[in-house]
Amino acid sequence: MQIVILIVAMIVIGLIVGWLAGPIWKNKRPIGVRGDYIAAVITAIAVGFWDWYVIPAMGFSENLRNLGVAAEPALGALIVLWIIRLAKK
């Protein structure tokens, strides 16, 4: 059940970051609105799973895992969208 909640949360985070990409970069969307949403959701899910499984395997606490799952997917999605914009210039 936790995996389903994790996936839904990462999809929501990805959609929010995809929407925020427009105001952050003044509506410069080289891959379009859908492309921003798709890239942000895929990145958020990948980083969320990475944090969910790798942080405990490294011996860190569950609190650190929860903090990582809450913050890193959004930051990772923003970084990927920024890299896409740099690459499209």
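The values are calculated or read from the model by the stated rules, or taken from the named source; none is laboratory data. This is a predicted model, so every value here is computed, not measured. When we count neighbours, we look across all protein chains shown, and the Cβ atoms used for this are built from the backbone with ideal geometry, even at glycine.
Just a few scattered comments:
- Residue check, Ile11 more than 17 Å from Ile84 (Cβ to Cβ) and in contact (Cβ under 8 Å) with a residue 24 or more places away in the chain: yes
- Gly35 meets the stated requirement of being at pLDDT 90 or above and touching a Lys or Arg at 6+ places or on another chain (Cβ under 9 Å).
- Restricting attention to the stretch 28-66, the residues that are charged (D, E, K, R) and over 21 Å from Val17 (Cα atoms) total 1.
Residue-wise test of (1) of a type outside the set (Val, Ile, Thr); (2) in a helix (DSSP H, G or I); (3) in contact with a helix residue (DSSP H, G or I) (Cβ under 6 Å, 6 or more places away or on another chain); (4) loosely packed, with under 13 Cβ neighbours inside 10 Å.
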| residue | (1), (2), (3), (4) |
| --- | --- |
| Gly18 | yes, yes, yes, no |
| Ala21 | yes, yes, yes, no |
| Pro30 | yes, no, yes, no |
| Tyr37 | yes, yes, yes, no |
| Gly59 | yes, no, no, yes |
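- Test: residue in the stretch 50-69 that is of a type in the set (A, V, I, L, M, F, W, C), within 10 Å of Met10 (Cβ to Cβ) and free of Cβ contacts under 8 Å to residues at least 60 places away in the same chain: yes
- Test result for Arg65, surrounded by 15 or more Cβ atoms within 10 Å (Cβ to Cβ) and more than 30 Å from Met1 (Cα to Cα): no
- In the stretch 15-32, the condition of being modelled with pLDDT of 90 or more and within 17 Å of Gln2 (Cβ to Cβ) is met by no residue.
- Complete set of residues in the stretch 44-57 that are loosely packed, with under 14 Cβ neighbours inside 10 Å and hydrophobic (A, V, I, L, M, F, W, C): Val54, Ala57
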